[in-house]
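Notes for the one structure printed next.
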Amino acid sequence: KVKTQGKNNFGYYSERLLDELKDRVEMEKLLRQSLHSDNLVLHYQPKVELKTGRITGAEVLVRLQDKRGNLIFPDRFISIAEETSLIIKLGQQVLRKACTYAAECMQLQRPLKIAVNIDAQHFTQADFPNFVAGILKETGLPPAYLELEVTETALMNDVNAARCAIEKLSEIGVSIALDDFGTGYSSLSYLRTFDLDVLKIDRSFLKDATDNAQARHIIKAIVSLAEMLGLALVCEGIETERQLGLILDLGCCEGQGYLFSQPASKSNFDMLFCDGFAHLCQSCEAS
Ligand code: C2E
Ligand code: MG
Ligand code: MG
Ligand code: MG
């Protein structure tokens, strides 16, 4: 079969490879420039108390901006940042910007707890907890207003380093959330090994939950697990009112998703923050 595809196919594939390579080189260049000029764009997605629609916090999501002003999403540059170790600098800039914003909110008498995604590579740096403490001091943000989101993969990368870092961060007063829960490896042992505060149920469970009983049972089990272990629980990826109703029935109290808002620019988030989502949550209870 390979033979009959002939030369043209080879040409096609090599052209595609070349395109991918060009794209990668461009991306790395843009990433370096953005870091150099401290030009990362941060968007904020509200976390919502599902019964009332009150905003309980925000997850910080990073974007790049190209010359034409288009936003580039993390799926196109996070892996490049990891491979080149630029992820360290990226994480530092995101953390500083996000804490600065949360501290501003504090000064405007509208305290906002922010959740920042942290890459595995930060845990291999022994001074990471000190760096976080330094940023909090520099920006004046109280530690209780910062949460760090880590994935199971980040934890299993180097279990001892991660445990040590999480212990120190907890001492500082920063909370730790386990992101995309249920999609990594052996999640359950981590619940004992690490001093965690929050579980975030991966959005794939909710995506299937409306027509799949298994997915609902798994969510229900995660809800009880979190309850028994004294962990807060956040459901990711709430897109429809039907899903909101379902997740409330399953006992989950907090969530985020496109139903409430996509990740928003700072000024758009400021507006959302004032209004809240009571309208959505009440209409859901009534139906
Ligand atoms: P994540 O931490 O699990 O973030 C959630 C992703 O789901 C975000 O994508 C968010 O925009 C998207 N999302 C939120 N609500 C919904 C929904 O209702 N439906 C659907 N389909 N998607 C929803 P985004 O912003 O493209 O980020 C993707 C991933 O990139 C993040 O996954 C996180 O792992 C990584 N990332 C983003 N910002 C940073 C950062 O500052 N540092 C690091 N290390 N990683 C980051
Ligand atoms: Mg996250
Ligand atoms: Mg803790
Ligand atoms: Mg997630």
Exercise for review: May I ask what percent, to the nearest 5, of DSSP beta bridges between residues of the stretch 1-146 are antiparallel?
Suggested key: 70 percent
Revision key, fill the gap. Residues whose built amide H sits under 5 Å from the amide H of Leu148, excluding neighbours closer than 5 in sequence, are Val116, Ser175, Ile176, Ala177
Revision key, fill the gap. The chain: antiparallel bridges as % of DSSP beta bridges, rounded to 5, reads 40 percent
Check your understanding: Going by average Cβ neighbours within 10 Å, how do the peptides 248-259, 24-35 rank, with the highest at the top?
Key -> 248-259, 24-35
Study note, to complete from the structure: Amide H proximity to Glu254 below 5 Å, modelled H, separation 5+ or other chain, gives Leu50, Cys235
Exercise for review: Name the residues whose placed amide hydrogens come within less than 5 Å of the amide hydrogen of Ala264, ignoring near sequence neighbours (fewer than 5 apart) on the same chain.
Suggested key: Tyr44, Gln45
Study note, to complete from the structure: Pseudo-spin-label distance His36 to Glu239, built 7 Å along Cα→Cβ, given in nm, is 3.9 nm
Check your understanding: Tell me, what ³J(HN,Hα) does each residue in the stretch 129-142 have, in order and in whole Hz, if you take phi through Karplus 6.51 cos²θ - 1.76 cosθ + 1.60 with θ = phi - 60° and put x for Gly and Pro?
Key -> x, 5, 4, 4, 4, x, 5, 4, 5, 4, 8, x, 7, x
Exercise for review: Kindly write out, for the stretch 196-207 in residue order, the coupling ³J(HN,Hα) from the Karplus curve 6.51 cos²θ - 1.76 cosθ + 1.60 (θ = phi - 60°), rounded to whole Hz, with x marking Gly and Pro.
Suggested key: 9, 10, 9, 10, 10, 5, 4, 5, 4, 5, 5, 4
**Study point:** Dipole magnitude (debye, nearest 20) for the chain, charges at Cβ of Lys, Arg, Asp, Glu
**Key:** 680 debye
Point to revise | Accessible carbon and sulfur surface of the stretch 140-287 relative to its total accessible area, %, 1.4 Å | key: 50 percent
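Which percent of the accessible area of the stretch 17-132 is formed by carbon and sulfur heavy atoms (probe 1.4 angstrom)?
On the way: 3020 of 5820 Å².
Roughly 52 percent, rounded to a whole number.
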Study note, to complete from the structure: Calc'd 3J(HN,Hα), the stretch 60-70, phi into Karplus 6.51 cos²θ - 1.76 cosθ + 1.60 (θ = phi - 60°), Hz, glycine/Pro = x, comes to 8, 10, 8, 9, 9, 10, 8, 4, 7, x, 6
Revision key, fill the gap. Measuring from its Cα centre, the stretch 130-287 shows a charge dipole (+1 at each Lys and Arg Cβ, -1 at each Asp and Glu Cβ) which, in debye to the nearest 20, is 160 debye
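With only Lys, Arg, Asp and Glu charged, each at its Cβ (+1 for the first two, -1 for the last two), find how big the charge dipole of the stretch 55-108 is about the Cα centre; round to the nearest 20 debye. Each step should come with its number before you reach the end.
Working: 7 positive and 6 negative charges, 48 e Å.
The dipole of the stretch 55-108 has a size of about 240 debye.
The values are calculated or read from the model by the stated rules, or taken from the named source; none is laboratory data. Given the structure is predicted, the values throughout are model-derived calculations rather than measurements. So basically every Cβ, Gly included, is an ideal-geometry build from the backbone, and we count neighbours across all protein chains shown. Surface areas here come from the heavy atoms of the whole protein model, side chains and all, with no ligands, DNA or RNA. Shrake-Rupley method; radii C 1.70, N 1.55, O 1.52, S 1.80 Å.
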